[in-house]
Structures are given as C-alpha cells and as structure tokens.
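S.K.: Input: one structure, supplied below.
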Amino acid sequence: MKSKTPKTKQPAEKKAPEQPGLDLATLRERIDGIDRHIQELIAERAQFANQVGKAKGKLAAAVDYYRPEREAQVLRRVVDRNDGPLNDEVLVRLFREIMSACLAQQEPLKIGYLGPEGTHSQQAVYKHFGHSIHGLPLSSIEEVFQEVEAGHADFGVVPVENSTQGTIQSTLDMFLTSKLKICGEVELRVHQHLLSRNGRIEDIERVYSHPQSFAQCKAWLRQYLPKAEKIPVSSNAEAARRARNAEDAAAIAGISAANVYGLKSVAGPIEDRPDNTTRFLVIGRELFPPSGNDRTSLLVFIKDQPGALYHVLAPFAKHGLSMNRIESRPGHTGLWQYAFFIDVSGHVHEEAMRHAVDELDEYAQEVKVLGSYPVAIA
Ligand SMILES: O=C(O)C(=O)C[C@]1(C(=O)O)C=C[C@@H](O)C=C1
C-alpha cells in the first residue's frame, strides 16, 4: 500500500514589498485598509457565487449547488499562485472557508461523520468542506453510509487508511454492498495528545483511547506510562468524555477534544511517527465531472482462473494509467473469492480510463466504479 504524504510545499521567500521603518500605528493603518479591501472583495465574491447558484436553475437542495471539481480547480490555482509568506495549507484553508460560506448562502451542506464531536473525522470534515456546514456526528461508519444513502446527510466522511496503521477494513468492506460513490478524499496530519482533567502525568493510572490511536502511540506509552492500564473505546472523543470523570484517568485524542471536553494537555504530540496521516473518503450519491487531476477507485471481483489478476492489471499499464494502490479483501461472494480495491490516476469520464475499464470488464467477474474524485489538495 502506498502511503501518501501531504503535498504542502513551503513557499519561497516573501514577495510582498517590505517597508522597514514604519511605526506601529502606521502599520496597523495599512492593515485596516487591506482588511477593508479584503472584506469588499469577499462580499463581491459572495454575490457572484450567489448569481452562479441562480444560474444553475431552481435546484432542490444545497447538494445540487455543490461542485467539488470546481472547488478543486479554485484551490489548485491558489496553490499555484502562492509565493508566501503563508504556506499552501494555510491559504487553502482560508479559501476553503470562503467557498464554504459562499455555498452556504443557498443552504449549508449536511455532512455525516464518525462522532462524537472532537474526533479527527470532524477535523477532516472541516478541512474538506469548511465550517459553514451542518455536521452530523454519527455512532459508526456503517451509520454514516446509511444516513447518506437515506438522504438525511448530503455527504459522509469516513477514514480509510492511516500511514502508520494501514487500511481501515471496515470502511472498505462497506463498499462491497453500498451503492454510494466516492466524491473526494481528505488527508489529515493526525497529532495525538495525552489529555487529563488536571494535566498531571503522575496521577494517571488508566488511559482510554481508540485501538488505532493506542497503536500510533505505542512507543511513547511504553516509555512514559508503562504501568497505566490501557482501555480501548469506540472513539477518541469517547475516551475524552470518560477521562473528564476521574482524576486518575487520561485519554489519547486530538487537541480539539481538550476544548470540547474541558481537559488539559499532559503531553503532545505523542504519536510515534511525525508524519502520521489519515486518509478519509467523502461519500455521496453521485459521481461528479473531472477536475483535471483525479483519482478513480474501482472494486474488481476476479474470476477464479489462471492469470486473472494479471489480466485485470494489464489494461491500466496499456493505457498509461498509474496505479496508486491495490488491496485484496474477501469478496463475500463465495469461499476464497476475492475482491480487489484498486486506485488509479484519472477519471472514468476520460477516454483512457473508459477503455481500461471496458477491457478489464472482459476478465473480471464484476467491476464496480466506486468513484472518480479530485486528488486531495494540501
Ligand atoms: O462555481 C460554482 O459552481 C459555484 O457554485 C461557486 C463556488 C465558489 O464559491 O467558488 C461555490 C460552491 C461550489 O461548490 C463551487 C464553487
């Protein structure tokens, strides 16, 4: 499995003219002037976005106005233009918020995620959709799928792999039977913190966390809390909720859980690998057009015959499409029958991918296009 690193490039030296020697009052005056200008431009942008919304015709709901391919193009231009001093990730976040607010003028999107509030899934939701949305914290990955399928949520955000821990099998398995489409991906640097009521490590006798988070902090726990009891729970936010009830308990969770549950940081970040990253998928009910830099996820059930896997992979090489990931899972179609989850660069509406999928259809028992979506941005 390929582990991906965030694509944040550090900007070159700041280009904006520096004006040394200006006093504090003058500098603040300049900032006030710029803020006024930014605000006027944001208002003007919001009006145009509103007109774009009207140009799309009378649509039923917010989800009908949402255009992830367009958002990806806007954000890629932001990255291309960036000469600093702010880095790509920061600028993308700011523009994401502006688009999120512009879209919410129609109606905020409803986004389901693995709750409760304060989880890394919630952070992934905000990173992808901005804060002008209505978040629906749900109790399981299965429920996220169900709520999107039923139309109670416009989209769902579910974790699919972690750079330290590997694939989240329960998410992949949902695609074996679900009709939902993958509409986007989010990569989130995951920082874990040890949180407790009073912030004193010497008082800690029990630590709550999700098993994945325990695994990500194994070496740190062995070194600093070898004797503490480790109690696995369903989410890091649930761990934080429990830790707030006792002085001798702590939770491993993201720092945002500290604010939500009124805890103090004892130590952090405490993950063993500094590049610890989780990849999330955005799931929805329809496929969106190409953005110009897309990935396609396929689910391929192979026939039980010699060379079947070779024949499934060959069309991608033939059409010059690079494969990012392949993973096999029991296909739930019969004993020792396997399904392959394959990620390939490109979009199913593009010719090369269409031909490749048609050709592999001849050798596969079944091919399911799980989705074509913009590659994660910063
Ligand atoms: O370009 C559009 O289709 C818009 O609706 C405008 C806009 C934006 O603010 O730029 C807003 C929401 C969409 O998801 C994409 C882009």
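The values are calculated or read from the model by the stated rules, or taken from the named source; none is laboratory data. As the structure is a computational prediction, the values presented were derived from the model and not from experiment. Here Cβ is always computed from backbone atoms with ideal geometry, including for glycine, and neighbour counts include all displayed protein chains.
S.K.: Closer than 30 Å to Gly346 by Cβ and either not assigned by TED's automatic domain parsing to the domain that holds Arg242 or not hydrophobic (A, V, I, L, M, F, W, C) (or both): which single residue out of Gly135, Gly118, Gly151 fits that description? Spell out how you get there, then give the answer.
M.R.: Numbers: Gly135 fails: closer than 30 Å to Gly346 by Cβ; Gly118 fails: closer than 30 Å to Gly346 by Cβ.
Result: Gly151 is the single residue among Gly135, Gly118, Gly151 that is closer than 30 Å to Gly346 by Cβ and either not assigned by TED's automatic domain parsing to the domain that holds Arg242 or not hydrophobic (A, V, I, L, M, F, W, C) (or both).
S.K.: Now, a different point. So, of the residues in the range 287-314 that are part of a loop (DSSP other than H, G, I, E, B) and at pLDDT below 90, which turns out to be surrounded by the fewest Cβ atoms within 10 Å (Cβ to Cβ)?
M.R.: This residue is Pro306.
S.K.: Scan the range 123-132 and tell me whether some residue there is in contact with a His (Cβ under 8 Å, 6 or more places away or on another chain), touching a residue at least 24 places away in the same chain (Cβ under 8 Å) and either in the same structural domain as Leu172 (by TED's automatic domain parsing) or away from the ligand (no atom under 11 Å from the Cβ) (or both).
M.R.: no
S.K.: If you don't mind, another one. What do you reckon, is Ala378 more than 21 Å from Thr177 (Cβ to Cβ), modelled with pLDDT under 90, crowded, with 17+ Cβ neighbours inside 10 Å and not aromatic (Phe, Trp, Tyr)?
M.R.: The answer is yes for Ala378.
S.K.: Which pairs do you get when a residue that is assigned to a helix (DSSP H, G or I) and near the ligand (Cβ under 9 Å from one of its atoms), found in the range 50-73, comes within reach of a residue that is at pLDDT 80 or above and hydrophobic (A, V, I, L, M, F, W, C), reach meaning Cβ atoms under 7 angstrom, with the pair 6+ apart or on two chains?
M.R.: Once the first residue is assigned to a helix (DSSP H, G or I) and near the ligand (Cβ under 9 Å from one of its atoms) and sits in the range 50-73, its partners that are at pLDDT 80 or above and hydrophobic (A, V, I, L, M, F, W, C) give Pro68/Cys183; Pro68/Phe288; Glu69/Phe288; Glu71/Met99.
S.K.: Any residue in the range 199-218 that's free of Cβ contacts under 8 Å to residues at least 24 places away in the same chain: show its pairings with residues that are surrounded by fewer than 18 Cβ atoms within 10 Å (Cβ to Cβ) at Cβ separation under 8 Å, as long as the two are six or more apart or on different chains.
M.R.: Listed by first residue and then by second, the contacts come to Pro211/Pro232.
S.K.: May I ask you to list the residues in the range 235-246 that are in contact (Cβ under 8 Å) with a residue 60 or more places away in the chain and not acidic (Asp, Glu)?
M.R.: Ser235, Asn236, Ala237, Ala240, Arg241, listed by residue number.
S.K.: Restricting to the range 289-312, what's the tally of residues that are among the aromatic types (Phe, Trp, Tyr) and not assigned by TED's automatic domain parsing to the domain that holds Leu370?
M.R.: Residues meeting the conditions: 0.
S.K.: While we're here: Take Arg96 and decide whether it is within 12 Å of the ligand (Cβ to nearest atom), assigned to a helix (DSSP H, G or I) and crowded, with 17+ Cβ neighbours inside 10 Å.
M.R.: Yes, satisfied.
S.K.: Hey, another quick one. In the range 57-111, what count of residues is obtained for those that are aromatic (Phe, Trp, Tyr) and either modelled with pLDDT of 95 or more or assigned by TED's automatic domain parsing to the domain that holds Lys127 (or both)?
M.R.: The number of residues fulfilling the criteria is 1.
S.K.: Something else now. Is it the case that the range 9-24 has a residue that's within 17 Å of the chain's Cα centre (by Cα), more than 13 Å from the ligand (Cβ to nearest atom) and modelled with pLDDT under 85?
M.R.: Start the filter on the range 9-24 by keeping residues that are within 17 Å of the chain's Cα centre (by Cα), which leaves none.
No, every residue in the range 9-24 fails to be within 17 Å of the chain's Cα centre (by Cα), more than 13 Å from the ligand (Cβ to nearest atom) and modelled with pLDDT under 85.
S.K.: Working only within the range 74-90, note down all residues that are more than 15 Å from the ligand (Cβ to nearest atom) and in a helix (DSSP H, G or I).
M.R.: Hits for the range 74-90 are Val79, Asp80, Arg81, Asp88, Glu89, Val90.
S.K.: Say whether the condition of being basic (Lys, Arg), surrounded by fewer than 19 Cβ atoms within 10 Å (Cβ to Cβ) and modelled with pLDDT of 95 or more is met by at least one residue in the range 274-284.
M.R.: Checking the range 274-284: not a single residue is basic (Lys, Arg), surrounded by fewer than 19 Cβ atoms within 10 Å (Cβ to Cβ) and modelled with pLDDT of 95 or more.
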